[in-house]
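Structure first, then comments.
Bear in mind these aren't lab numbers, they're just calculated from the coordinates by the rules spelled out. Not measured: the values here are computed from a predicted model. Heads up, the Cβs are rebuilt from the backbone with ideal geometry, glycines too, and the neighbour counts pull from every protein chain shown.
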Protein chains: 4
Amino acid sequence: MSIRALIWNEYVHERENPVVAKIYPEGMHRQIAKLLGADPEITASTATLQEPEHGLTQKVLDETDVLLWWGHARHGDVAGEVVERVVNRVWQGMGLIVLHSGHFSKPFKRLMGTSCALKWREAGERERVWVVNPKHPIAEGLGEHFELENAEMYGEPFGVPEPLETVFISWFQGGEVFRSGLTYRRGAGNIFYFRPGHEAYPIYFNDDVARVLRNAVRWAYNPQADLRDPTEAPNVPVDKALEPIKIRGARLHADGEEGLR
Amino acid sequence: MSIRALIWNEYVHERENPVVAKIYPEGMHRQIAKLLGADPEITASTATLQEPEHGLTQKVLDETDVLLWWGHARHGDVAGEVVERVVNRVWQGMGLIVLHSGHFSKPFKRLMGTSCALKWREAGERERVWVVNPKHPIAEGLGEHFELENAEMYGEPFGVPEPLETVFISWFQGGEVFRSGLTYRRGAGNIFYFRPGHEAYPIYFNDDVARVLRNAVRWAYNPQADLRDPTEAPNVPVDKALEPIKIRGARLHADGEEGLR
Amino acid sequence: MSIRALIWNEYVHERENPVVAKIYPEGMHRQIAKLLGADPEITASTATLQEPEHGLTQKVLDETDVLLWWGHARHGDVAGEVVERVVNRVWQGMGLIVLHSGHFSKPFKRLMGTSCALKWREAGERERVWVVNPKHPIAEGLGEHFELENAEMYGEPFGVPEPLETVFISWFQGGEVFRSGLTYRRGAGNIFYFRPGHEAYPIYFNDDVARVLRNAVRWAYNPQADLRDPTEAPNVPVDKALEPIKIRGARLHADGEEGLR
Amino acid sequence: MSIRALIWNEYVHERENPVVAKIYPEGMHRQIAKLLGADPEITASTATLQEPEHGLTQKVLDETDVLLWWGHARHGDVAGEVVERVVNRVWQGMGLIVLHSGHFSKPFKRLMGTSCALKWREAGERERVWVVNPKHPIAEGLGEHFELENAEMYGEPFGVPEPLETVFISWFQGGEVFRSGLTYRRGAGNIFYFRPGHEAYPIYFNDDVARVLRNAVRWAYNPQADLRDPTEAPNVPVDKALEPIKIRGARLHADGEEGLR
């Protein structure tokens, strides 16, 4: 079965900035869809901020296995309701790959519970991405490192929780380092943050970046993505207890009553 | 120097339910304050939902080293603004100890990025709390386990991220288990979730529970709690780069410009 | 492509103890091989302590994707050279699934770096294994819990490092709890510890146990298992540095010299 | 009470190499002892490879709260018996700080269960150590980064398990990165690996390095370091079970019998 990947893009710079428009005339989302489509096991589609409900209706999300997220200039325009929908789908098991400036997107900040802040510089400097977790599925097919000759710098400290695994760390020409590939799990959903992707350079034409994205989609895919109600907090009635027990002491709640939230 | 602990309590059951009122006539917060006050290194004060700004003004939080949180029936009444203030203080380095039904409190859900759901049963059954991380600071002075003869059951799965450390796991008479002591770090803040604390039983009169709370306050205390602006994402101007670099390629941003969010 | 699983068994109790011989007349390894063989993607073979080099020659290990390990009475008889060979293959990327009393096996203790101690009781009591990480690949197809009506008890504290993920926690009738499913990564190798498997009861005839074993083999399989020399510590000569640098200051080593160990 | 730190040094380069002898005429251990002794809460003593039992008798270790380890040229000369003694003390709760080339020391490899390999270059290049975990106790008093103008390079991949926390990441002039400060816990013992410390440069005269070492000693200190027998695997007799149970089914072991290893 094919993995259904959905690339979400804010799609602003490509329409407003001539530099970016020239690199990505059809938008970064379409270029990323091409990269993913090169993998016969992935079916890639796209959605953008401008579409109704940002293209992220419940139906679309229910039919998505892995969501990729690129945003930058209009994080604030993403509707809270859509954010909660995305977050809930991640808890249910949808994979999420957060790209570059998506570190400040609402869904990522919501799922991390931290500031997700970092330092940055736009100088077209060299970035060298080191694989620190060799033979990790997301690093499949890469050498020990790969280089981006022109990159925006992101520097530590990166305000995220300690990850499950650190896959990549970047070296920058100007003297900084950054944890560029981090894995998390929230509910049944696998999350991967991947740093490269600045809009002013042709990052999504790079073969190693393409490889990482394809690997990450396969890694994030959870075929059991059907945890229907992740927020449910069921009462277990006393007479349904797995071991026989009797009620003792005081009680606030009646049997089978819904819990307080 | 003394650690300034603040016990926040929703303070509803004690005023509305005669069973709880009898156990905690002055409120759970005052009883917990007594337990903490027995430690000469801790200064304990209290705040409740009913106070202006729930007793959690910026000034109060700025003067708090470790916040303890008990809530249940009125999670929804906690103002969003106060929640963000608490969260920001945790990122700055304030410790947070979340008690029992506080698993569904707004600050905890906000900091975990997950549902924080669980299953539950109120039957006064026996709970045995096992120390799975011997000699952890939070378990100091405990034996291999301690028992609560009457407890509410909380059962797995507990919808939280993989913790830094699992300190306690509970056995329940009715057949369930629960990860009852979990540590996290968010920004510069240490977070501890501690399961026991049901209002219908005199849990906060138990010596082992008291010991855990005192240990947890000491553990959560970060004397460096002064990360002033955890959400700052500073631009590093090219001429201030630590290694000499020159601008190459295209740019979207002017030097020293504020980043997009 | 098929995953090549190898079940290693000490194979002592089945030959020496009539109770065990009756349950597993052909040995536990053959029964486990049957369970795994039911998965069309797994090819299962076996090896035992009594074979030359315990059946774990370099060639055999090189052709193994996932090794399962059952040992108890003769941990001490496993040759140190074979242990190092197994450990090195795990670092290269071979998966390892350690079963029940294998917690005290040489390869597991070697890879954990801890005592791997626990408490135990053999009373045929009930064990209820709870899934605490829903929708984890190793829990695929399981309900919220499964039961073993007769089990040996293993109790906390379990002397292992904090795991990557806790998948299962067991409840025991006699009052203990145990982290029964834990994941680790050492080098490129995925490791899973799975508690059930006491020889005196027909554990490996249980459908849920079978399902966990099959899931675990698929999870542990690393198709990139080819990290040829995990212990290599290469010198990077100055003239091969990725950024141009010149030698400055004192040196102990000549260019390209092998490092000290 | 004072924290009893013991600095163990192989003490070979300082006696055999004139460059190193000139920097550390009394040995690196004595210089590190001076740095630690500047903290009124630390009492520092030293031991070297050349002493009987390498200066690490059971009595000495029993009276040590935190052990620091520097080794390079003679890892192989450290007696296996002493290594096991050190490892057991760590499990009991003694802190361990592994310095620089100590990554290949026997105790560190033993406690990690991995190869601990890395790449390296000795060119006196610049190293910039970034704090990625702000306000971590080990980073107390540091700025966002500190620099070592002349350092040996260590490069990723570093063959260690995923740490509890990543505290420092280094940038190297020649193009590599390295996780330079990592925390672990093994049994009741806190472990910190700290990269800087090459013998050919005056690293242990650097104020930031000194600060890290003092912080790390305080962090690693476990006042409860008295887990007497970490390898004990006690049988719990059926009649001592915490919940009343009866023996059911078959048994291999007699009551109270010692377990198999």
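Listing for the model above:
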item	result
Mean separation of Cα contacts under 8 Å (6+ apart) over length of chain D, as relative contact order %	19 percent
Inter-copy separations for A:GLU63, label at 7 Å along Cα-Cβ, nm, ascending	4.7, 5.9, 7.6
Charge sum, other residues only, whose C-beta stays under 11 Å from B:ARG110's C-beta, Lys/Arg counted +1 and Asp/Glu -1	+4
7 Å along Cα→Cβ, label-point gaps from D:GLU140 to other copies, nm, shortest first	1.4, 4.6, 4.8
Highest-MSF residue in chain A out of A:LEU111, A:LEU67, A:LEU164 [GNM, Cα springs under 10 Å]	A:LEU164
Value of Rg to Rh for the range D:1-156 (Rh from inverse mean 1/r over Cα pairs, i.e. Kirkwood)	0.95
Spacing of the two label points (7 Å from each Cα toward its C-beta) at C:GLU243 and C:GLU51, in nm	5.2 nm
Residue-wise HN-Hα coupling along the range C:105-119, computed from phi with Karplus coefficients 6.51, -1.76, 1.60 (Hz; x: Gly, Pro)	5, 4, x, 5, 4, 4, 7, 7, x, 10, 6, 6, 6, 6, 9
Proxy reagent accessibility, fewest Cβ within 10 Å first, across D:GLU127, D:GLU14, D:GLU53	D:GLU53, D:GLU14, D:GLU127
Projected-area average for the range A:14-83 over all orientations - Cα convex hull basis, square nanometres	5.3 nm²
Amide H contacts of D:THR46 (H built 1.01 Å from N, under 5 Å, at least 5 apart or other chain)	D:ILE7
Only Lys, Arg (+1) and Asp, Glu (-1) charged, at Cβ; the range A:141-184 dipole about Cα centre in debye	100 debye
Taking A:ILE32, C:ILE191 and counting other C-beta atoms within 10 Å, the order from fewest to most	C:ILE191, A:ILE32
Fraction of alpha-carbon pairs over 59 Å apart in the protein assembly as shown - percent	7 percent
Environment charge of C:GLN31, counting only residues whose C-beta is closer than 14 Å and scoring Lys/Arg +1, Asp/Glu -1	0
Cut-off under 5 Å, modelled amide H: who pairs with C:ALA123 long-range	C:MET153
Descending principal axes extents, the range D:147-202, alpha-carbon based, whole Å	36, 23, 17
Cα-based convex hull, chain C, per residue volume (Å³, whole number)	161 Å³
Cα long-axis angle, helix C:207-220 against chain C (0 to 90 degrees, to the nearest 10)	10 degrees
Cα centre as origin, Lys/Arg/Asp/Glu Cβ charges: chain C dipole, Debye	420 debye
Sequence-separation-based contact order of the range C:1-155, relative, with Cα cut under 8 Å and 6+ spacing, percent	20 percent
Identity and axial distance of the chain D residue whose Cβ lies nearest the axis relating D to C, Å	D:GLY113, 2
Distances in nm from D:PRO237 to the matching label points in the other copies, shortest first (labels 7 Å along Cα to Cβ)	4.3, 7.1, 7.9
9 Å beta-carbon shell around C:PRO163, net charge (K/R +1, D/E -1)	-2
DSSP-defined beta bridges in the protein assembly as shown - what % are antiparallel, rounded to 5	55 percent
Gyration tensor verdict on the range A:101-182 (Cα atoms; rounded if a/c is under 1.5, prolate if a/b is larger than b/c, oblate otherwise)	oblate
Point-charge dipole on Cβ atoms (K/R +1, D/E -1) for the range A:140-261, about Cα centre, debye to 20	620 debye
Whole-Hz ³J(HN,Hα) from phi, Karplus 6.51 cos²θ - 1.76 cosθ + 1.60, for the range B:131-143, glycine and proline x	7, 9, 10, x, 6, 5, x, 6, 9, 4, x, 7, x
Between helix B:80-92 and chain B: long-axis angle, C-alpha atoms, 0 to 90°, nearest 10	70 degrees
Listed residues D:VAL236, D:VAL82, D:VAL160, most fluctuating in chain D (Gaussian network, C-alpha, under 10 Å)	D:VAL236
Listed residues B:ALA117, B:GLY37, B:ILE7: farthest to the positive end of the dipole of the range B:1-135 (Cβ charges)	B:ALA117
Selected from D:ALA225, D:ALA79, D:ALA47 as most flexible by GNM, with chain D as the system and alpha-carbon contacts under 10 Å	D:ALA79
Chain A: antiparallel DSSP beta bridges as a percent of all, rounded to 5	55 percent
Folded to 0 to 90 degrees: helix C:28-37 orientation relative to chain C principal axis, Cα	80 degrees
